[in-house]
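**Student:** Okay, handing you the structure first.
The values are calculated or read from the model by the stated rules, or taken from the named source; none is laboratory data. Predicted model only: the values in this text are computed from it and were never measured. Glycine gets a Cβ as well: all are built from the backbone with ideal geometry, and neighbour counts include every protein chain shown.
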Amino acid sequence: MADGVRILGIDETAQALGISPDTVRRHIKEGKLSAKKVQTKRGPRWKVTLPPSQTVNSSISSQTDISDIYVNSLLERIKSLETELTARRSEVQQLYGMLGQKALPAPAPAPVSWLKRLFK
């Protein structure tokens, strides 16, 4: 390992970067991480080359920033929906009050089916 460069498997890389192994595989596919497929006794394995200072990929931290922005926008949306829900509940309460003030006629009795009349 020249100059402190680390060569790790997918699981070790995921642990070092604080991401899932699937994310490591995706970063390899997208070219964000350099890796080579190496033949082993158990079949081909990916070996990822990490510089010594790399613990969190810069693209990953930018994804975190995007996630923070998305979470904040969702929180704002939740607040606006809660406000709207409160207004709708108030409207429903007003409608219940209006229904209580006006006496509605009792519903008509349901017609008796001809079978029930026949076998009375």
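**Student:** Among the residues of region 42-73, which ones are among the hydroxyl-bearing types (Ser, Thr, Tyr), outside any helix (DSSP H, G or I), under 18 Å from Pro21 (Cα atoms) and modelled with pLDDT under 70?
**Tutor:** Thr55
**Student:** Name the residue that is surrounded by the most Cβ atoms within 10 Å (Cβ to Cβ), counting only residues in region 1-31 that are outside any helix (DSSP H, G or I) and modelled with pLDDT under 85.
**Tutor:** Among those residues, the one meeting the criterion is Arg6.
**Student:** In region 32-41, what residues are among the polar types (S, T, N, Q) and modelled with pLDDT of 90 or more?
**Tutor:** Gln39 - this is the single residue of region 32-41 that is among the polar types (S, T, N, Q) and modelled with pLDDT of 90 or more.
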